[in-house]
Amino acid sequence: MRRLRAQVHATDAQTLAEQLALVRIPAPTFHEGERARHVAERFRALGLHDVRTDEAGNVLARLPGSPAAPGGQVVVSAHLDTVFPAGTDVEPRHAGTRIHAPGITDNCRGLAGMLALARVLASEGVRTERPLVFAATVGEEGAGDLRGVKHLFREGGELRRAGAFVALDGSGVRRIVHRAIGSRRLRVEVAGPGGHSWADRGTPNPVGALGRAVAAVAGMGLPSPARSSVTVARIAGGTSINAIPDAAWMEVDLRSEVPDALAEIERLVRSHVERAVAAENARRRPGAAALACAVTLIGDRPSGETPASAELVRAAMAVTSALGERPELVASSTDANLAISLGIPAVCIGVGGDSGGIHTLDEWYSDEKGALGVERALLVALAAARLART
């Protein structure tokens, strides 16, 4: 163990170089292919076994010497995608100790940390009692709706019976995500006849209906309000200042740590939308066509919790404390959501360093305690997979 930990620190510059190489490869959600091919090539170069890309686009590999039998696998994952669209300038810019580049931390740091773990473990010929699988996943961000891990943990999938899941995401050495913030995303579309703002006055207005709905949703009471939220995130409609819109839409983000709360929040939002559309229709002039409304579920991330008393969480806390840091148990929405919702022990941790401006064009990373974060990830993964006795 001393040798493994020392190698992490001795190769910190290599880990940072890996991070810089990754950030230069664009990987918008749904377009992660080029970065995925790069990671697959790195897995092969490091000597991992069974390197493959699955139907969803996830890249998988197995630690040499790790048992190949299915069931009980320990999965170490990092997501490939970024929130930035194609064409974004991703060339790193150095300013003092900070490296600025969109996606440099989220999640090139997680990917570089995962590759560092693979490099150290494979080069030292480490064997584990439980199969150790590395997974670079697609679709973690935004509209990706966790499609990568949903595929990994699909009914009948080889990882459905995994023994533990450790997601590496972003920076830091203290936070341990063990509570999954679930989310549901709704798209509300209202359509009507439209018309001239004067000649067709009295025609029901889709924007007016959505305005009523927004006001109602913003003021509604929430179950478990300290652990839930509702956000009207986007809204649009209409074509001209002197026309009654024939269509309008909005997208609503519902979040909660409490598994049963999301269904209730969704029911409340849908009922407020229905009432708002009915109120707008009730004021239309005689003979005017009524508004129609459709509500579509466009995202669904499950919630749940790996208890703080679980062996994996206690191990992550003990490792963090042993490295001289204060562990912080927190909730977030990450790739770990899926495993947590299925009852698979799971955590998500950062991989060292400091960062800021996440999800902005001025995102930055600084490598202070970068090696310490990789060391923490290594020790947590080995605590779950268990070193084989020789």
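Side notes on the structure shown:
- Here the range 102-139 is the region considered, the condition is being farther than 22 Å from Val23 by Cα and assigned to a helix (DSSP H, G or I), and the residue that is farthest from the chain's Cα centre (by Cα) is Ser123.
- Restricted to the range 140-176, and to residues there that are in contact with a helix residue (DSSP H, G or I) (Cβ under 7 Å, 6 or more places away or on another chain) and part of a helix (DSSP H, G or I), the residue that is farthest from Ala381 (Cα to Cα) is Lys150.
- Matching residues in the range 196-217 - criterion: being buried (at least 18 other Cβ atoms within 10 Å of the Cβ) and in contact with a Gly (Cβ under 9 Å, 6 or more places away or on another chain): Thr203, Pro204, Asn205, Pro206, Val207, Ala209, Leu210
- Residues that are of a type in the set (Gly, Ala, Ser) number at least 2 in the following strands (runs of 3 or more DSSP E) confined to the range 273-390: 292-301, 328-332, 354-356.
- All positions within the range 210-244 that are in contact with a Ser or Thr (Cβ under 6 Å, 6 or more places away or on another chain) and either without any contact (Cβ under 8 Å) to a residue 24 or more places away in the chain or in the same structural domain as Gly142 (by TED's automatic domain parsing) (or both): none
- Arg62 vs. criteria in the same structural domain as Leu16 (by TED's automatic domain parsing), touching a residue at least 12 places away in the same chain (Cβ under 8 Å) and closer than 20 Å to Val374 by Cα: yes
- Residue within the range 264-274 that is more than 28 Å from Gly148 (Cα to Cα), in contact with a Pro (Cβ under 6 Å, 6 or more places away or on another chain), outside the structural domain of Gly343 (by TED's automatic domain parsing) and modelled with pLDDT of 95 or more present: no
- Yes/no for Asp367 being over 15 Å from Ala318 (Cα atoms) and in contact with a helix residue (DSSP H, G or I) (Cβ under 9 Å, 6 or more places away or on another chain): yes
- The range 146-199: number of residues that are under 23 Å from Leu115 (Cβ atoms) and among the small types (Gly, Ala, Ser): 8
- Where Thr137 falls short, out of the listed (1) within 21 Å of Pro302 (Cβ to Cβ); (2) surrounded by fewer than 24 Cβ atoms within 10 Å (Cβ to Cβ); (3) hydroxyl-bearing (Ser, Thr, Tyr): (2)
- Residue pairs whose Cβ atoms lie under 8 Å apart, separated by 6 or more positions or on different chains, with the first residue in the range 374-388 and in the same structural domain as Ala316 (by TED's automatic domain parsing) and the second among the basic types (Lys, Arg) and assigned to a helix (DSSP H, G or I), are Glu375/Arg5; Leu378/Arg5; Leu379/Arg5.
- Residues of the range 319-343 that are touching a residue at least 60 places away in the same chain (Cβ under 8 Å), in contact with a helix residue (DSSP H, G or I) (Cβ under 9 Å, 6 or more places away or on another chain), within 25 Å of Leu372 (Cα to Cα) and of a type in the set (A, V, I, L, M, F, W, C): Val319, Leu323, Leu329, Ala331, Ala336.
- Filter pass, Asp362 being farther than 15 Å from Leu168 by Cα, modelled with pLDDT of 95 or more and not assigned by TED's automatic domain parsing to the domain that holds Ser256: yes
- Here Ala78 fulfils each of the conditions (1) farther than 16 Å from Gln19 by Cβ; (2) of a type in the set (A, V, I, L, M); (3) assigned to a strand (DSSP E or B) apart from (1).
- Residue within the range 183-195 that is on the phi > 0 side of the Ramachandran plot, touching a residue at least 12 places away in the same chain (Cβ under 8 Å) and outside the structural domain of Val8 (by TED's automatic domain parsing) present: yes
- Qualifying residue in the range 7-30 (condition: under 22 Å from Arg154 (Cα atoms) and either outside any loop (DSSP other than H, G, I, E, B) or assigned by TED's automatic domain parsing to the domain that holds Gly144 (or both)): yes
- Filter pass, Leu254 being within 21 Å of Ala331 (Cα to Cα) and touching a Leu at 6+ places or on another chain (Cβ under 9 Å): yes
- Count of residues meeting criterion [of a type in the set (D, E, K, R) and surrounded by 19 or more Cβ atoms within 10 Å (Cβ to Cβ)] in the range 288-346: 2
The values are calculated or read from the model by the stated rules, or taken from the named source; none is laboratory data. Everything quoted here is computed from the prediction, not taken from an experiment. Backbone-built Cβ (ideal geometry, glycine too); neighbour counts: all protein chains shown.
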